[in-house]
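Each reported figure results from applying straightforward, stated rules to the coordinates on display, with no laboratory input. All values reported here derive from a predicted model rather than from experimental measurement. A quick note on method: Cβ atoms are made from the backbone with ideal geometry, for glycine too, and the neighbour counts reach across all protein chains shown.
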Amino acid sequence: MSDLLERLRTRGWRLTAQRRVVAEVLDGDHVHLTADEVHARAARLLPEISRATVYNTLGELVTLGEVLEVSTDGRARRYDPNAHHAHQHLVCSHCGTIRDVHPVGDPLAALPAGERFGFTVSDVEVTYRGTCPDCSATAA
């Protein structure tokens, strides 16, 4: 499970009711919600929360480095609370479901020195794509 709420408390980030609800919605494993999805879930817990507050809070969390902004389809930005746990993403090409995965080995080592073109590589992002079990079942 993501430790987002605990990290925010440790940082001393002021947890207003609105911020707390956004953090609660994001907290968990395999959470990759769009801003609109965060707003819809937050509004169930705190009906008066505005879309602007959700967007502003997400922006602050990204700036703090506590939430990652992820785009796997080139359109919808999604928010991943597992910013402090190294992982990659597994994405269903049909429905867009995203799961966190933890491949074994160093993905940086997979790029030969001759293919680095003099770059000092500091980060690697790998996205695995396929078909989830639900989509596979409906296609059968």
Original post:
What full-extension length gain, to one decimal in nm, is calculated for THR16 and VAL121 as 0.36 nm per residue of separation minus the Cα-Cα distance?
Top reply: 33.9 nm
Original post:
Rounded to the nearest 0.05, what FRET efficiency do VAL62 and LEU111 have when you use their Cβ-Cβ distance and R0 = 22 Å?
Top reply: 0.25
**OP:** Take every Cα pair under 8 Å in the chain that's 6+ residues apart, average their separations, divide by the length, and report that relative contact order as a whole percent.
**Re:** 20 percent
**OP:** Determine ³J(HN,Hα), in whole Hz, for all residues of the stretch 96-109 in sequence, where each value follows from phi through the Karplus function 6.51 cos²θ - 1.76 cosθ + 1.60 and θ = phi - 60°; x replaces Gly and Pro.
**Re:** x, 4, 10, 10, 7, 10, 10, x, 8, x, 9, x, 5, 5
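Counting other Cβ atoms within 10 Å of each Cβ, which trypsin sites (Lys or Arg not before Pro) in the stretch 1-74 have at most 12 and sit in a DSSP loop? Spell out each step's value before the answer.
Numbers: sites: ARG7, ARG9, ARG11, ARG14, ARG19, ARG20, ARG41, ARG44, ARG51; in loops: ARG14.
For trypsin sites (Lys or Arg not before Pro) across the stretch 1-74 that sit outside H, G, I, E and B with at most 12 neighbouring Cβ atoms in 10 Å, the list reads ARG14.
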Subject >> Paramagnetic label zone (point 7 Å from Cα along Cα-to-C-beta, ARG75; backbone N under 20 Å) in the stretch 21-65 >> reply: 32-40
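With loop defined by DSSP as not H, G, I, E or B, and exposure as at most 10 other Cβ atoms within 10 Å, which is the longest segment of the chain clear of exposed chymotrypsin sites (Phe, Trp or Tyr not before Pro)? Display every interim value, and only then the final one.
Working: sites that count: PHE117, PHE119.
The longest such stretch corresponds to 1-116.
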**OP:** Amide H neighbours of VAL101 under 5 Å, at least 5 residues apart or on other chains, H built in the peptide plane: list them.
**Re:** GLN88, HIS89, LEU90
**OP:** Over the alpha-carbon set of the chain, divide Rg by the Kirkwood Rh and report the Rg/Rh ratio to two decimals.
**Re:** 1.03
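The stretch 16-68: which GluC sites (Glu not before Pro) are DSSP loop and have at most 15 other beta-carbon atoms within 10 angstrom?
On the way: sites: GLU24, GLU37, GLU48, GLU60, GLU66; in loops: GLU48, GLU66.
Loop-located and lightly packed - GLU48.
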Subject >> Virtual paramagnetic centre 7 Å along Cα→Cβ of SER136, amide N under 17 Å, in the stretch 77-113 >> reply: 90-101
